[in-house]
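So the structure is just underneath, and the comments pick up after that.
The values are calculated or read from the model by the stated rules, or taken from the named source; none is laboratory data. Nothing here was measured: the structure is a model prediction, and the numbers come from that model. Using ideal geometry, Cβ is built from the backbone for each residue, glycine included, and neighbour counts are taken over all protein chains shown.
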Amino acid sequence: MLKIGILGYGNLGRGVECAVKNSPDMELAAVFTRRDPSSVKLLTAGVPVVKIEDAANWKDKIDVMILCGGSATDLPKQTPEFAKLFNVVDSFDTHAKIPQHFANVDAAAKAAGKIAMISVGWDPGLFSLNRVFATSFLSDGKTYTFWGKGVSQGHSDAVRRIAGVKNAKQYTIPVESALETVRSGSNPELSTRQKHTREVFVVLEAGADAASVEKQIKTMPNYFDEYDTTVHFIDEEEFAKNHSGMAHGGFVIRSGKTGWDGEYKNIIEYSLKLDSNPAFTSSVLVAYARAMMRMYHAGVRGCTTVLDVPPAYLSTKSAEELRKELL
Ligand code: NDP
C-alpha cells in the first residue's frame, strides 16, 4: 500500500482524497494544512489533519506527498521546501515559469535523494503529453490547443476584484467554426480572438454601475482585451443555481502530412470533457504518484514530469496483464 499525504486541502485536496479512496493500492495517511486543523473537515473518517509545521514528523510515514496548493504563490515555495523531506507531486500550471520551478524542485529533491514530479494534471499534463505524441508522429504539421467550454478560475478571480462585483464566473468557449477549420486539415493561422470567446456572469453589489463594470471587464489587459467577451448580469439565486460548477475540458489537435510528397493528410485529436476540473486533475495526480514511485524504486531521483513516465507505470495492472491488452 502506498501511503499518501495531502498538503493543502482545497478543491484539489478534496479531489485527491476521493481518488485515493478509489485506488486499491493506496491509503491516505494524513492531510496537512496551514489553517487551524480543527477547522478542516475531511470526507474520510479517522485520518488526521495535521499542522503544516509538524509535517517533518511524518517523514518516514508517507511515501508520496501530493501538493494541492495554488500555483500563483503556494507551489513555487512549497514544492521545493517539501521535496527536501518527501517524494512530491504537484500540479503547477503557470506555463512560463515551469523551467524555473523544475530547476528549484530538482535541486532540492536531488540533494535529499528524493523523486519529484511537477505540473501534473491535464494542461499542463495530459495535453502536454498529447502535444508531444502528435508532434513526434506528424513532424510536418501544426498543433492547436482549444480550452473549454469551461470555468477559468483565474479570469473569474480577476472579475471578482473589480469594485462593485459581488460574485463572478468566467467561461472560456472555443469558437466552433475555428475548430471545424482546424479539423478540415487546412492548417489555418488563427489569432487569439478567432480561437476562443469569453462569457462572464456577474452578480453586482447594490448600487454598482453595470455599464462601468462591463467596460472594465472587456478592456482588462491580458485577461479580456484580446477576446470577444459577453457579460451577463444576474442575481444571486440564478448564480447559485446555474453557475456553481467547475466543469472544463478542451482539445489538442494536430493536423499534418505524411507520404513522399506529403500526399496524405492526417488529423490527431485528443479531447476532454470534464464535469469537475479539480476532481479529474486529482485523479491524474494520483495515477502519476503511483508511476513516480515505480520510477523511484527503479532508481530515479530528482525532478521529473509526465513526459518521463512509461505509460505502464500508471496502471494498477501488472506489465504482464497490460501486454495481454495489446493483442
Ligand atoms: P484552492 O483555492 O481550492 O486551494 C488552494 C489552497 O488554498 C488549499 O490547498 C488550501 O491550503 C488553501 N485554502 C485556504 N483557505 C481555504 C478554504 N477556506 N477552503 C479551501 N482551501 C483553502 O485551489 P484548487 O485546489 O482549486 O487548485 C489548486 C491549483 O491547482 C491551482 O492553483 C491550479 O494552478 C492547479 N490546477 C492545475 C491543473 C492542471 O491541469 N495542471 C488543473 C486544475 C488546477 P491550506 O489547507 O494549507 O489552507
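Is it fair to say V203 is assigned to a strand (DSSP E or B), farther than 30 Å from V16 by Cα and modelled with pLDDT of 95 or more? Don't jump to the end; show me each part of the working.
On the way: assigned to a strand (DSSP E or B): yes; farther than 30 Å from V16 by Cα: yes; modelled with pLDDT of 95 or more: yes.
Judged against the criteria, V203 is a match.
Yes/no matrix, rows are residues, columns are (1) surrounded by fewer than 18 Cβ atoms within 10 Å (Cβ to Cβ); (2) in contact with a Gly (Cβ under 6 Å, 6 or more places away or on another chain); (3) modelled with pLDDT of 95 or more; (4) farther than 14 Å from G69 by Cβ:
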position: G13; (1), (2), (3), (4): no, no, yes, no
position: E17; (1), (2), (3), (4): no, no, yes, yes
position: E27; (1), (2), (3), (4): yes, no, yes, yes
position: V31; (1), (2), (3), (4): no, no, yes, no
position: L42; (1), (2), (3), (4): yes, no, yes, yes
position: V49; (1), (2), (3), (4): no, no, yes, yes
position: W58; (1), (2), (3), (4): no, no, yes, yes
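Failed condition for T192, given (1) out of contact with any Ser or Thr (no Cβ under 9 Å at 6 or more places or on another chain); (2) at pLDDT 95 or above, with all others met?
(2)
Give the residues of the stretch 157-182 that are touching a residue at least 40 places away in the same chain (Cβ under 8 Å) and within 17 Å of F233 (Cα to Cα), sorted by residue number.
Answer for the stretch 157-182, where residues must be touching a residue at least 40 places away in the same chain (Cβ under 8 Å) and within 17 Å of F233 (Cα to Cα): A158, V159, I162, A163, G164, V165, K166, N167, K169.
May I ask you to list the residues in the stretch 97-125 that are farther than 17 Å from M292 by Cα, of a type in the set (A, V, I, L, M) and within 13 Å of the ligand (Cβ to nearest atom)?
I98
Residue-wise test of (1) in contact with a Gly (Cβ under 7 Å, 6 or more places away or on another chain); (2) closer than 23 Å to C18 by Cβ; (3) at pLDDT 95 or above.
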{"residue": "V231", "(1), (2), (3)": "no, no, yes"}
{"residue": "E237", "(1), (2), (3)": "no, no, yes"}
{"residue": "G245", "(1), (2), (3)": "no, yes, no"}
{"residue": "F251", "(1), (2), (3)": "no, no, yes"}
{"residue": "G256", "(1), (2), (3)": "yes, no, yes"}
{"residue": "N266", "(1), (2), (3)": "yes, no, yes"}
{"residue": "Y270", "(1), (2), (3)": "no, no, yes"}
{"residue": "V286", "(1), (2), (3)": "no, yes, yes"}
{"residue": "R290", "(1), (2), (3)": "no, yes, yes"}
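Quick one: which residue in E263, E236, E214 is surrounded by 17 or more Cβ atoms within 10 Å (Cβ to Cβ) and acidic (D, E)?
The unique qualifying residue is E214.
Would you point out the residue of the stretch 239-260, among those that are surrounded by 12 or more Cβ atoms within 10 Å (Cβ to Cβ) and among the aromatic types (F, W, Y), that is nearest to G185 (Cα to Cα)?
Going through the qualifying residues, I end up with F251.
Limited to the stretch 93-142, what total is found for residues that are farther than 30 Å from G262 by Cβ, in contact (Cβ under 8 Å) with a residue 60 or more places away in the chain and charged (D, E, K, R)?
3
Taking V175 as the residue in question, decide whether it is β-branched (V, I, T), at pLDDT 95 or above and touching a strand residue (DSSP E or B) at 6+ places or on another chain (Cβ under 9 Å).
yes
Return the residue satisfying two criteria in turn: it lies in the stretch 129-172 and is among the polar types (S, T, N, Q) and under 19 Å from K273 (Cβ atoms), and of such residues it is surrounded by the most Cβ atoms within 10 Å (Cβ to Cβ). Quick ask: steps written out before the conclusion?
Just the residues of the stretch 129-172 that are among the polar types (S, T, N, Q), to begin with: 130, 135-136, 139, 143, 145, 152-153, 156, 167, 170, 172.
Narrowing further to those that are under 19 Å from K273 (Cβ atoms): 130, 145, 152-153, 170, 172.
On the way: N130: 23, T145: 17, S152: 20, Q153: 16, Q170: 26, T172: 20.
Residue satisfying both the conditions and the ranking: Q170.
Please state which of the following conditions Y223 fails to meet, knowing it meets all the rest: (1) within 25 Å of L179 (Cα to Cα); (2) modelled with pLDDT of 95 or more.
For Y223, the exception is condition (2).
Quick check, is V132 touching a helix residue (DSSP H, G or I) at 6+ places or on another chain (Cβ under 9 Å), in a loop (DSSP other than H, G, I, E, B) and within 16 Å of the ligand (Cβ to nearest atom)?
Spelling it out, it is not the case that V132 is touching a helix residue (DSSP H, G or I) at 6+ places or on another chain (Cβ under 9 Å), in a loop (DSSP other than H, G, I, E, B) and within 16 Å of the ligand (Cβ to nearest atom).
Quick check: anything in the stretch 291-311 among the acidic types (D, E), more than 13 Å from the ligand (Cβ to nearest atom) and farther than 18 Å from K114 by Cα?
Looking through the stretch 291-311, none of the residues is among the acidic types (D, E), more than 13 Å from the ligand (Cβ to nearest atom) and farther than 18 Å from K114 by Cα.
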